[in-house]
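Since the structure comes first, as structure tokens, the remarks are kept for the end.
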Amino acid sequence: MASPAETSEQTSLEVVSKRFGTLAVPADRVFRFASGLIGFPSAKRFVLLDHRPGSPFKWMLSLDDPELAFAVANPGDLVASYDPPLKRAAKQLSAKPEDIALFAMVTIPSDPTEMTMNLMAPIAVDLKSMTAEQLILDRPDLSPAHRIVPAAKSEGGEAGAPAETV
């Protein structure tokens with residue numbers, strides 16, 4: 001029988017990151033990519049961290065390289081017309097569509113009004129098995145750099161002016 005300290009060590013992992021500090025990550029919140037992420041094959045274990053309360057953004061932190069983190073968001077929360085590929089994700093992960101969570105990577109430039117998300121390569125996570133895969137979608141209606149804050153048209157009808165916030 002395991003001692004309380006051993007049980008505690010088995011149910012959480014300590015992660016030290018310059019950006020996020022020292023974190024105790026519950027083992028059941030860790031999801032795994034069998035082949036890593038595109039461009040990061042050795043980054044296989046991740047956890048989602050909230051950006052701040054009420055924010056649609058999260059951080060996907062690598063447990064294999066705690067200095068590697070990606071801003072992500074549920075594309076359905078930010079793109080009204082987004083049609084989530086849940087059936088494809090479920091098929092690829094051998095899961096049920098209702099057990100899938102989808103995230104898109106977000107690029108945050110110095111001007112946050114130019115923030116984009118990659119709708120062509122969403123991250124699918126099976127919340128039951130905690131397995132994940134980055135999907136590659138070949139759909140002309142999706143962009144790898146979808147603007148989150150749409151460019152507003154100026155009085156002259158030209159795009160490029162920052163969108164007004166409500």
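Based on the mean of other Cβ atoms within 10 Å per residue, sort peptides 16-29, 39-52 so the most packed one is first.
39-52, 16-29
Taking the range 54-149, which GluC sites (Glu not before Pro) meet the DSSP loop condition and have no more than 11 other C-beta atoms within 10 Å?
67
I'd like the Karplus ³J(HN,Hα) series for the range 106-111: coefficients 6.51, -1.76, 1.60, θ = phi - 60°, whole numbers in Hz, and an x wherever there's a Gly or Pro.
Result, ordered by residue: 10, 9, 10, x, 4, 9 Hz.
Distance from a point 7 Å along Cα→Cβ of residue 99 to each backbone N in the range 122-151: keep the residues under 19 Å and list them by number.
It comes to 123-135, nothing else.
Starting at the first residue of the range 75-81, write each ³J(HN,Hα) from the Karplus equation 6.51 cos²θ - 1.76 cosθ + 1.60 with θ = phi - 60°, in whole Hz, x for Gly and Pro.
Couplings: x, x, 6, 10, 10, 4, 8 Hz.
All of the numbers you see were taken from the coordinates with simple rules; none came from a lab. Just so it is clear, the structure is predicted and the values come from calculations on it, not from any experiment. All Cβ positions, even for glycine, are placed from backbone atoms using ideal geometry, and neighbour counts span all protein chains on display.
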